[in-house]
Amino acid sequence: MRSRTRSLALHSAVATRDARWIVLPILAGLATLVAFASSAGAQIQGRGFLFRPPIGSFAVRAGFAQANAKSEIFSFVTDELTLGRSDFASPSVDADLAIRVAPRLDVVLGASYSGRHAQSEFRHFVDNNDLPIEQTTGLVRVPVTAGAKLYLTSRGRSIGRFAWVPSTWSPFIGAAAGAMWYQFKQEGDFINMETLDVFPDTYESSGWAATAHGVAGLDISLGPRFGLTGEGRYTWGKAPMDRDFRGFDKIDLSGYNASVGIYVRF
């Protein structure tokens, strides 16, 4: 094995391109949904109603999750490997079940998934054949939470005793807490820094950690039962690392998430 120094411009360009391919479709989709909701909402408002206020809703969203990646393990892998913090950004999927407890207040049970595996290589070393020493690094986060969502305006109005008409726009804020399952995993070739030998191996740290998040968003009604929803949230979480990463401090599981999707009232 021999040491080397080489330009990382290509890797940086690829990482930037990958991030754009994740973010741009989401932003375009959000803009399309808002434009469609503006025209559709104007046509639908007042045409549909329920025979009673809904008792809850179920929402499914897709979006983009960016891990902060600021703890010691992330500093180590971004220094030694051709990784940046943007390599821990990933698509996300979220699902929420909300139960109405007051005209503007819901209790919410939710779950989310985000995860990505990025290819990398050692920045300063190659093997004896002058080939890169390659590995895959992955981060998966799955929070499961319970919390509350407060609507800042009325979600609808009752007309007499037998009709409830939804509002077109319903902004909300909320907070939740629970547990997050995580997995940080590396597979591939690595270097023994004492002997400089190259060897294949797998390193993994996984488990459960306490988590909490704050959220702000908007529901757009398309009819008495269905609508669009979008939200941004910030999640907090840390967890001790397993013995494969002995000596490192707690892994940072915090980050932000932006997502859009659909909901149905029941």
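The values are calculated or read from the model by the stated rules, or taken from the named source; none is laboratory data. Model, not experiment: these values are computed from the prediction. Here the Cβ is made from the backbone with ideal geometry for all residues, glycine too, and neighbour counts use every protein chain on show. What goes into the accessible areas is simple: the full protein's heavy atoms, side chains included, and nothing from ligands, DNA or RNA. Shrake-Rupley method; radii C 1.70, N 1.55, O 1.52, S 1.80 Å.
Of these, D87, D106, which one is of a type in the set (D, E), more than 30 Å from L196 (Cβ to Cβ) and modelled with pLDDT of 95 or more?
None of the other options fit; the residue is D106.
Can you name the residue in segment 128-150 that is under 30 Å from F199 (Cα atoms) and hydrophobic (A, V, I, L, M, F, W, C) and, of all such residues, is surrounded by the most Cβ atoms within 10 Å (Cβ to Cβ)?
The selected residue is L139.
Can we say T145 is under 23 Å from the mean Cα position of the chain (by Cα) and farther than 25 Å from A258 by Cβ?
no
Does segment 230-242 include one or more residues that are assigned to a loop (DSSP other than H, G, I, E, B) and open to solvent by 50 Å² or more (accessible area, probe 1.4 Å)?
Yes, segment 230-242 has at least one match.
Taking only pairs six or more apart or across chains, which ones have beta-carbon atoms under 7 Å, a first residue in segment 219-234 that is touching a residue at least 24 places away in the same chain (Cβ under 8 Å), and a second residue that is of a type outside the set (A, V, I, L, M, F, W, C) and not in a strand (DSSP E or B)?
Cβ pairs passing all conditions: I220/G41; I220/T168; S221/G41; S221/S167; S221/T168; L222/G41; G223/G48; P224/G48.
So which of T168, T153, T202 ends up being of a type in the set (S, T, N, Q) and open to solvent by less than 40 Å² (accessible area, probe 1.4 Å)?
T168
Do we have T168 as at pLDDT below 95 and either over 30 Å from G223 (Cβ atoms) or among the hydrophobic types (A, V, I, L, M, F, W, C) (or both) here?
For T168, the condition - at pLDDT below 95 and either over 30 Å from G223 (Cβ atoms) or among the hydrophobic types (A, V, I, L, M, F, W, C) (or both) - is not met.
Exactly one of these conditions fails for G255: (1) open to solvent by 10 Å² or more (accessible area, probe 1.4 Å); (2) at positive phi. Give me its number.
With (1) open to solvent by 10 Å² or more (accessible area, probe 1.4 Å); (2) at positive phi applied to G255, the lone miss is (1).
Scan segment 81-102 and tell me whether some residue there is of a type in the set (S, T, N, Q), under 30 Å from W169 (Cα atoms) and either open to solvent by less than 20 Å² (accessible area, probe 1.4 Å) or outside any strand (DSSP E or B) (or both).
Within segment 81-102 (the criterion being of a type in the set (S, T, N, Q), under 30 Å from W169 (Cα atoms) and either open to solvent by less than 20 Å² (accessible area, probe 1.4 Å) or outside any strand (DSSP E or B) (or both)), the answer is yes, since at least one residue qualifies.
Do we have A175 as open to solvent by 40 Å² or more (accessible area, probe 1.4 Å) and aliphatic (A, V, I, L, M) here?
Taking the combined requirement at face value, the residue satisfies it.
What pairs come out if I take residues in segment 92-115 that are under 21 Å from P166 (Cβ atoms) and pair them with residues that are part of a strand (DSSP E or B) and acidic (D, E) whose C-beta lies under 8 Å away, six or more apart or interchain?
Here the result reads A98/D106; I99/D106; R100/D106; V108/D96, each pair linking segment 92-115 to a residue that is part of a strand (DSSP E or B) and acidic (D, E).
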